[in-house]
Every structure is written in structure tokens, then in C-alpha cells.
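Since the structure comes first, as C-alpha cells, the remarks are kept for the end.
The values are calculated or read from the model by the stated rules, or taken from the named source; none is laboratory data. Since the structure is predicted, the reported quantities are computational estimates derived from the model, not experimental observations. Cβ placement follows ideal geometry from the backbone for every residue including glycine, while neighbour counts extend to all protein chains displayed. Please note that ligands, DNA and RNA were not included when accessible areas were found on the heavy atoms of the full protein model with its side chains. Shrake-Rupley method; radii C 1.70, N 1.55, O 1.52, S 1.80 Å.
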Amino acid sequence: MKRLLRWTLIAAAIFCVLAAGGLIALRILFPPQKLKALALEKLQAALEREIRFESIGIGLRGLTLANLEISERPDFKAGTLLKVGTLRARPRLRPLIEKRIEIATIALKNGAVTYEDRRSGLRAWVRKIDIEAEGAGLTAPFPLSVSCDYAVDGAGSKASGRLDYRGTVDLGGNVPENFALTIKTLTLRLLDVTLTASGQVRNLKAPEAALTLHIPSQRIDSLSALAGSAKKSPFAGRVPAISGEVRAQKSGELIRLQKVDLELGEMKLSVSGSISTPENRPARADLRVKTNSFPLAMVADLHPAARDMHLQGRAELDARVLGPLDAPAVSGEASLASVGLEYAGLELQSVTGRARLSPDKVTATIAGKWNRADFKVDLTAADYLKAPNVRIEGSLSQLDLAALPTERPEIAGKRPPGTPGASGGPAAKNGKSRAGASEPAAASGSHKAGAALPLSTSGKFTVGNILHPNFTASRAELSWSLRDALEPARVTGAAKFKIAEGKFDNLKDVAGKNSMVRTALLPILVLQKVGSLAKIPLFPAFDRVHYKEITGDYAFQSGVMTVKESHMDSSAAHVAVTGGADLGKDQLNLRVSTRLAPQAGIKLGGPIGFWVRGSLSDPSVKADVGAILKQPAVQDAVEQGKKLLENLFKPK
């Protein structure tokens, strides 16, 4: 043991003597000024840029350059490209004695790069650059480590982060196709989002990558900041951790995604296909996106309102994405299974369905239970990205009006004026559409960016029973065919409804809380308005009525509604409505004709008429006096009054 220690000490002493001798020899062969001139010559020739540094020295650890600066092309008048606090290179000893330089180890410490585009205001910098390569050479792989901080400031957003890399590099004999970068660990942090990766990148001429990725679970606000959004995101909570494998190859303008398999919690996402990146043209995609059957509760965790809905069930997607990346066409299938949710007293249970998508058409069939009543809906939407044409056919076994949610005042108060249930007049007064965008000034069929899509819709829907303490119906049928359905001032088409036997009383309790129900029951509400304002003897108030049938048949032309036929056959009267309404200007012009049922032995021979004008929210009623005076009962009463007066004032 003592002998081993002795030989070890002897060997160490010999190494120190040789190293010291080698160092002395190096300093004799390369004095500082000669070494500085040689370094400047070699670096400037290799980089084709101006070089300057504070000092250069030779020690046991090799050559050291302090405060190195590299210019933009061609010199420092164009700016500084790179600053390095310390650049250390350890050359191989034997080639150096032969007056050749071969680097065994190179290390860069505290480097910095700054980029600025004054025209766009974009600034980017990379700082604290540390690079170390051991045994660097052209023909064999060598270990490499890189770390740096970076930041970007411009275009209204800021981002910063850090990169750490450990692995090996094979320069492949300076042949680009033989290049290989092996990633032992790569950590990329951008703001609060961190990505880790491992794998390999090969072939600089047609790069190929095979990587394993992992992104830990992230907060939604971190992802919003990453996307450059300054607005507070409506989403909250955390996105599940993302991990998986990526295999891709770039050849010219084409990026081929051979394999992208990711896991997001219980969701497994698979992507394959290609992305083309032509110069001076938008990037285009041809991708297939597929998921397993994943729980919708994952989606619910991303938004406070969705969490309150207790969303459950599963969904699955198999789609193709084709076209420009910013607006691709999507085709494929999506399915739902055992979906349920709760919202404002409404419940969906056991919902199943399947949707088929093509670049210009969507078809879907959905069935389940709504508040324990069976429903089924078949939907077809054509040209849904530009001018949607939606066809809906469906049925609901029972509708409980009392269970419909009441409107929240803060939501109802924000509706653009001119939409149903909003105050402030029609859309035509302020140029607002239902979506709050400016009304297009062009003819029907045109569409401006930001305006509501020119929706066309048709279909039919039936309800088995309608229930409410103040309104019942044994069956209701609705059919419609409308163009520009979202714009009251332009809507064109037809709509019909028929409500079978039931009763109603005090409809304010039914319709006063919900704009959807108010719109559906408008004819009856107008009738009750007539009854409350008419003040005509024997005329019913229509506050408690048993009816056999209520119908409506409406035609629409450029926002003007014409009542083709509308009537109510009830125990109190037979009521017919004619006339129309200008929906764009929110003006009514209706005539209500009422043939009363016999009361207390008095029978009115003809209908009593009323004019209904004003607005939808505040109709005004005026009696048709001529029609009232023509009633036989009224004429008899007038004749009897006339005779009575004649007898009273008859000369005796």
C-alpha cells in the first residue's frame, strides 16, 4: 500500500514537471503579442467579422480570452453581435508544438447576444451564455453543454425564459447529412411554462427529430401569458401535464409529422400528417387528429362556470385538418356518450350523439333527457364557416316552463339595443347587430368582418306537453325557414306554429321572467293587453281562458313581418290577428278581431276590432269604434236609449 502511494506521488510530481515544462515551452513558442495576433487573424478569417478582446493568456487550463467582442458584418460600425466574458480553449499539445491548433476543450462563460429591429421595435437578447465542449472535433461525437437566459420585447408583448442543454454532438466530418445532436436533457422555460425533452436530432440538410417531451401541469393564466394575451383569461384552474413522443422530419418547405402521441391526463391525443411552410405564403396543414374516449370533466376543470355545471360523460374525436393554419377546414367525426350537466335548474342526462364534419357541412344527431323529458335533435349545417345554413328537426316529450332559467339582470342589461328583450330601441337606431357588431350597409348576402354571420335556418320541432301553473298545452308544433335569422332588420322567410288544447291565466307570471317565452307568447300577451285596456262592457279580460287551439303563420321580408293567419279558438272568444310588424324599426301594425262567445243571454253579432300599434315591448291599443257600433246588440241598445229619450222629452 505504501509502495502504491509512493508511485502515485512520483507520477503526480512528474506530471506537474511536464505540465510546467510544456507551459514554459508554449509561452516561448507563442509570446502574448504573437498569440494575440494569431488569434485575431484566425478568428476574423473564420467569422468574416471584426474581433476584439481585452487580453489573451496561456495557462494550465489552456488559452483564455477575456472580454471578447464579435461585430456585426463587416465591422463594429454595424454593431456588436456577441460579447463574451471569458472564452477558454485547451488545445491539444502535440499539434500545438507543430504550430497547428486543434481544440481539445472549449468553454464560453458569461456570453451575451443582443438583437434589435428599430423599424418594428422588436428587441431580443440572450445573456449568461455558458457553453462547454469536451474533445470537440469533426469526426467523433463529443459532449456539449449549453445554458442561457433569453428575452423578447416587442409587438406589444414580453417574454423571457431559460434554456439548459446537456448531450453530445457529432459533426459528421463536416458533412451536414451526417450531423447528429443527442439530447440527454433539454429544459426550456418560457415565462412560467417549462418543457423538458430528450432524444435526437439528425441531418442538418433534411432535419429529423425523435423526441420525448414533458410539460408539467400548468395554470391557465400561465398559458394565456405565453400566448401573449394581456387580457385576463376567462378560464381558470390547471391544464393536465402533457407528455409524449414526437417524430418529425423537415424536407425543404415540408414538415412531416410522422408520429405525435401525447397524453393530457386521461386524454390521449395522436397527430400525424404534414405542415408546409412556403416562403412569403401562409403555412398550410394536412393533419389527422385523433383522441381516445376522454372524460369531459377535464374540460369542466378549465372554467369556473363549467365546473358549476357538474359536466360528466365522455367524448371522442377523429378529424382531418386541411388548409391554412389560421383558418383550416375540419372534417371527421366526434361523439358523445353518457353526457350530463346542470345549469340554472336545468338538467341534461344520458346524452349521446355523433357529429360528422366536412369542410362545408356538419351533421349531428343528439338524444337524451332534458329535465327528465326525452328529446332528440337532428342538425345539419352547411357552409358553416361563411354563411351557415342550419336545418334542425327535433322533439321534446315535455316542456316545463317553470323550470326554464330566469335571466340574470347583469346579462340581460348588456344586450345590444334592438335585440329581443333589450331596451333602447331597435338595431336600426344604433347600427348594432345582435352580436354587437356594426350592421352591414350592403345588400342582403354580403358579409363584413366582425358582423354577425348571415345565418339561414329551417326546421321543425314538436313538444308533447307544455306545463306551467299559468299555462298548459297538450302539444305544440313549430316550423320555420328564415334567412338572415340573426338580424331583425333583414330577416326573410316564414314561420308557423300550432299549439293544441290547454289553458292560461295571468301570463305575466309566465312570460315576465324570460325573453324566450315572452317572444313565443307574444300574440296572447297582446290579446291580454287589449283586454286590459279596451274597457268595453262584456269584453273579456282574457286573464283566464281555456283554448282549443292557437295558431300563427307569419311571412318575413327584409325585416317586415306579415301575419298571414293567426287565431285563437277559446271558451271566451274566437280571436284572429292580421297586419304586420317592422322588426327593424320595432313598430307594430296589427289588427285584432274578436268574436265573443254569448254571455248572459247577450250575443254580439259581429267581431269587435282593435288596432295594436307601438313597439313589441310597449304595444298601444285603440278600439275600432266603427266595428263596435255596428254590433246588433249595441245598435239595439242605442235604439232603446233613443226611444227612452224620446218618451222622456215627448210633449204632454
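Go through region 131-149 and count every residue that is within 17 Å of residue 189 (Cα to Cα) and open to solvent by 50 Å² or more (accessible area, probe 1.4 Å).
0
Just to check your reading of the model, which residue among 88, 92 is modelled with pLDDT under 70, touching a strand residue (DSSP E or B) at 6+ places or on another chain (Cβ under 9 Å) and charged (D, E, K, R)?
92
Name the residues in region 386-402 that are crowded, with 16+ Cβ neighbours inside 10 Å, of a type in the set (A, V, I, L, M) and under 21 Å from residue 470 (Cβ atoms), would you?
396, 399, 401
In region 258-281, which residues are in a loop (DSSP other than H, G, I, E, B) and out of contact with any Phe, Trp or Tyr (no Cβ under 9 Å at 6 or more places or on another chain)?
Once the filter is applied, which keeps residues that are in a loop (DSSP other than H, G, I, E, B) and out of contact with any Phe, Trp or Tyr (no Cβ under 9 Å at 6 or more places or on another chain), region 258-281 yields 277, 278, 279, 280, 281.
Considering only residues of region 465-475 that are open to solvent by less than 60 Å² (accessible area, probe 1.4 Å) and out of contact with any helix residue (DSSP H, G or I) (no Cβ under 9 Å at 6 or more places or on another chain), which is nearest to residue 402 (Cα to Cα)?
Per the stated criteria, the residue is 472.
Got at least one residue in region 122-129 being modelled with pLDDT under 80 and among the small types (Gly, Ala, Ser)?
Checking region 122-129: not a single residue is modelled with pLDDT under 80 and among the small types (Gly, Ala, Ser).
I'm trying to understand the selection: among the residues of region 323-334, which are in a strand (DSSP E or B) and over 18 Å from residue 269 (Cα atoms)?
The answer is 323, 324, 329.
Could you please find all residues in region 73-88 being open to solvent by less than 60 Å² (accessible area, probe 1.4 Å) and either basic (Lys, Arg) or over 17 Å from residue 55 (Cα atoms) (or both)?
Within region 73-88, 75, 76, 78, 79, 80, 81, 88 qualify.
Looking only at region 276-291, count every residue that is exposed (fewer than 14 other Cβ atoms within 10 Å of the Cβ) and not aliphatic (A, V, I, L, M) and tell me the total.
Total meeting the criteria: 5.
It is to be established whether one or more residues within region 181-188 are over 26 Å from residue 84 (Cβ atoms) and modelled with pLDDT under 95.
Checking region 181-188: not a single residue is over 26 Å from residue 84 (Cβ atoms) and modelled with pLDDT under 95.
Is it the case that region 294-314 has a residue that's in a strand (DSSP E or B), open to solvent by 40 Å² or more (accessible area, probe 1.4 Å), free of Cβ contacts under 8 Å to residues at least 40 places away in the same chain and touching a strand residue (DSSP E or B) at 6+ places or on another chain (Cβ under 6 Å)?
yes
One residue is enough: does region 8-18 have a residue meeting the conditions modelled with pLDDT under 65, aromatic (Phe, Trp, Tyr), open to solvent by 70 Å² or more (accessible area, probe 1.4 Å) and over 60 Å from the mean Cα position of the chain (by Cα)?
Scanning region 8-18 turns up at least one residue that is modelled with pLDDT under 65, aromatic (Phe, Trp, Tyr), open to solvent by 70 Å² or more (accessible area, probe 1.4 Å) and over 60 Å from the mean Cα position of the chain (by Cα).
Criterion first (in a strand (DSSP E or B) and under 30 Å from residue 401 (Cα atoms)) does residue 320 satisfy it?
No.
Please enumerate the residues belonging to region 182-198 that are touching a residue at least 24 places away in the same chain (Cβ under 8 Å) and not in a loop (DSSP other than H, G, I, E, B).
Selection gives 182, 183, 187, 188, 189, 190, 193.
Out of 69, 98, 102, 134, which single residue is in contact with a strand residue (DSSP E or B) (Cβ under 9 Å, 6 or more places away or on another chain) and at pLDDT below 75?
102 is the lone residue from the list that is in contact with a strand residue (DSSP E or B) (Cβ under 9 Å, 6 or more places away or on another chain) and at pLDDT below 75.
Any chance you could count how many residues in region 346-373 are farther than 17 Å from residue 318 by Cα, in contact (Cβ under 8 Å) with a residue 24 or more places away in the chain and either part of a strand (DSSP E or B) or open to solvent by less than 60 Å² (accessible area, probe 1.4 Å) (or both)?
Final tally of qualifying residues: 8.
Starting from residues that are small (Gly, Ala, Ser) and open to solvent by less than 30 Å² (accessible area, probe 1.4 Å), keep the ones in region 556-575 and report whichever is nearest to residue 620 (Cα to Cα).
Only one residue tops the list, namely 566.
Does any residue of region 151-167 turn out to be out of contact with any Ser or Thr (no Cβ under 7 Å at 6 or more places or on another chain), surrounded by 15 or more Cβ atoms within 10 Å (Cβ to Cβ) and in a loop (DSSP other than H, G, I, E, B)?
no
Output the residue which, of all residues in region 31-43 that are open to solvent by less than 70 Å² (accessible area, probe 1.4 Å) and either in contact with a strand residue (DSSP E or B) (Cβ under 7 Å, 6 or more places away or on another chain) or under 17 Å from residue 83 (Cβ atoms) (or both), is modelled with the lowest pLDDT.
35
Which of the residues spanning region 578-587 are touching a strand residue (DSSP E or B) at 6+ places or on another chain (Cβ under 7 Å) and surrounded by fewer than 21 Cβ atoms within 10 Å (Cβ to Cβ)?
Once the filter is applied, which keeps residues that are touching a strand residue (DSSP E or B) at 6+ places or on another chain (Cβ under 7 Å) and surrounded by fewer than 21 Cβ atoms within 10 Å (Cβ to Cβ), region 578-587 yields 578, 579, 580, 582, 587.
Which residues, counting only those in region 549-595, are touching a Pro at 6+ places or on another chain (Cβ under 7 Å) and not in a strand (DSSP E or B)?
559, 572, 583, 584, 585, 586 - these are the residues of region 549-595 that are touching a Pro at 6+ places or on another chain (Cβ under 7 Å) and not in a strand (DSSP E or B).
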